[in-house]
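Just below is one structure, and these are the notes that go with it.
The values are calculated or read from the model by the stated rules, or taken from the named source; none is laboratory data. Being a predicted model, the structure only gives us computed values, none of them experimental. FYI the Cβ positions are ideal-geometry reconstructions off the backbone, even for glycines, and counts take in every protein chain you see.
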Amino acid sequence: MDAITFRYLMSLTASNNLEMYLMDVVTAYLYGSLDSEIYMKIPEGFKIPRRVKDAEASKELCSVKLQRSLYGLKQSGRMWYNRLSEYLLSKGYVNNAICPCVFIKKSSTGFVIIAVYVDDLNMIGTQKEIDDARTHMKDEFEMKDLGKTKFCLGLQIEHFQDGIFLHQSNYTKRVLKRFYMDKATPLSSPMVNRSLDVNKDPFRPIEDSEEMLGPEVPYMSAIGALMYLANCTRPDIAFATNLLARYSSSPTRRHWNGIKHIFRYLQGTIEFGLYYSRNPEVGLVGFADAGYLSDPHKARSQTGYVFTYGGTAISGVPKNKLWLQQASGVSTKKEPTTIYEDNSACVTQLKEGYIKSDRTKHIPPRFFSYTQELEKNQEVDIQYVRSSDNAADLFTKALPTTVFKKHVHSIGMRRLQDLNSPSISTRIKILTGYARSFAPASEWTELRGSGRSATEARVSLVLALASQASSASQRLLADLAVETAKYVFPKRFNSSNLEEALMSVPDLETMNFRVLSRTDKYEIREVEPYFVAETTMPAENGFKVFQRVS
């Protein structure tokens, strides 16, 4: 089972409110039967029977024939898989060549999916069917029941009421400590902006005047550690890691500084991971992008794509998606997979047909005929999306920090600390009580305008009020307001800084203000870029008087 399949199963588990348990097969490789004769030298400590003449002398001449597979044999893994597969198929499970390590069994009351990774068995499905699976597995093999899955494939799994969080915080800490970057100053993005001047590009190939790094610099080891993170739970570092991996054969100090830049970014985002929410509004969605001349030194462009399920990345194309859903009965409604592309000409040609011209003669016509066939069969639906909303930009180019954070959030990456804090509904209640110290609830109806919801209006005002907070308790509420705004304005809010947060409040386009509400005590005015409340009386709860707006 690869990481992509595992992430898709996580999204399936979360979106359908399924149960998930982990079992471990004790000495799994010893269950396999050999498919050929294998002889082995007599191991240390093995006593030769007394009936053998000159036992000690014969020990060097004798060998033993194996009856079962052992750890260390090259075919042991395959023999174990054959043994397990044979047993599960005899119990009514089905699997597929696309997904050979995933077995599914349906019943009248539900289903169970067994995802195999060596000797670890993840059981996903309805409770009764999982209990039955655990029972018949224990009947055939010696098993350890590890309860709910909390660690698999080197990934940490956190179960929340609203979803499942996949991360590698412990591994990230070990990597940073291993490369002596655990005390480094954090950075807000994984790579520096690239220069348009190819001679000043920090990611240019080695030059004649530069010295190549020696073996004492663990460049390849660092690339390997970063690639593992990028392939599992950290797609935000995928492009930077891929770019630096191209110079593994001849790295320079510039390239090593690029790796340390990624480490410094990881230092500030150790608890980042992928959050799969329950009952998502969207299913499988793809984003595709091509960066023109992303490698200016070799005149090569770069393509990138990302597939999300429920708004969270599962990365590569899940070819097993349809089979898994049909075999388990999770979904019976067939819908085309939406794929977003920010090149309008490309979308037009894919939808309407290949238009041969001097500008498209380098593109094979068969490419268009294939995608048009997919469109015709309603397997995919190609849609145009603005470049600023195309999450695939993460994988084709270096982005400004604000745009980078926006796309990272849009593919479902969250911080564990944020998930452990109060839920959104609880936050809104806290913020509402906070804001009502300045205005009664009846006044909030005045704030609903220009398509802004009451929640957006409340958070917008509270952000402005929070900017004046002075005491520690007030700052906690201010931080809560900032974190809540990330969820209320997910597409336009990417800041962890209060001042930037105020600039992120939407729908405030003018410098002119208008009075939204007035009482004897205060006025609430709308002023770009945020709401301002002013009063001539001492504010409640110890808050200071706000600066008057002229």
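Taking M40 as the residue in question, decide whether it is loosely packed, with under 15 Cβ neighbours inside 10 Å, of a type in the set (A, V, I, L, M, F, W, C), modelled with pLDDT of 75 or more and not in a loop (DSSP other than H, G, I, E, B). Before you say what the answer is, go through the steps one by one.
Working: loosely packed, with under 15 Cβ neighbours inside 10 Å: yes; of a type in the set (A, V, I, L, M, F, W, C): yes; modelled with pLDDT of 75 or more: yes; not in a loop (DSSP other than H, G, I, E, B): yes.
The answer is yes for M40.
When residues in segment 1-31 are screened for being within 28 Å of Y71 (Cβ to Cβ), touching a Gly at 6+ places or on another chain (Cβ under 8 Å) and assigned to a loop (DSSP other than H, G, I, E, B), 0 of them pass.
Of all residue pairs spaced 6 or more apart or on separate chains, those with beta-carbon atoms under 7 Å, a first member in segment 83-99 that is among the hydroxyl-bearing types (S, T, Y) and a second member that is part of a helix (DSSP H, G or I) are Y87/E140. Among all residues of segment 384-395, there is at least one that is crowded, with 17+ Cβ neighbours inside 10 Å and either over 18 Å from the mean Cα position of the chain (by Cα) or at pLDDT below 85 (or both).
So which of F103, F111, F141 is buried (at least 20 other Cβ atoms within 10 Å of the Cβ) and either more than 29 Å from I262 (Cα to Cα) or outside the structural domain of N231 (by TED's automatic domain parsing) (or both)? Break it down into steps so the answer makes sense when it comes.
On the way: F111 fails: buried (at least 20 other Cβ atoms within 10 Å of the Cβ); F141 fails: buried (at least 20 other Cβ atoms within 10 Å of the Cβ).
It is F103.
Applying the criterion of being in a loop (DSSP other than H, G, I, E, B) and touching a helix residue (DSSP H, G or I) at 6+ places or on another chain (Cβ under 8 Å) to the residues of segment 349-389, the residue that is nearest to T241 (Cα to Cα) is T360. The combined condition, being at pLDDT 90 or above and either outside the structural domain of G310 (by TED's automatic domain parsing) or within 30 Å of I314 (Cβ to Cβ) (or both), is not fulfilled by K183. Of all residues in segment 330-340, none satisfies being surrounded by 15 or more Cβ atoms within 10 Å (Cβ to Cβ), modelled with pLDDT of 85 or more and in contact with a His (Cβ under 6 Å, 6 or more places away or on another chain). For segment 113-160, a tally of residues being touching a residue at least 12 places away in the same chain (Cβ under 8 Å), over 14 Å from L9 (Cβ atoms) and not in a strand (DSSP E or B) returns 16.
Please list, ordered by residue number, the helices (runs of 4 or more DSSP H) wholly in segment 167-266 having 1 or more residues that are closer than 20 Å to K397 by Cβ and out of contact with any Ser or Thr (no Cβ under 9 Å at 6 or more places or on another chain). Full working, then the answer.
Values: elements: 169-178, 219-232, 238-245.
Fully inside segment 167-266 and qualifying: 238-245.
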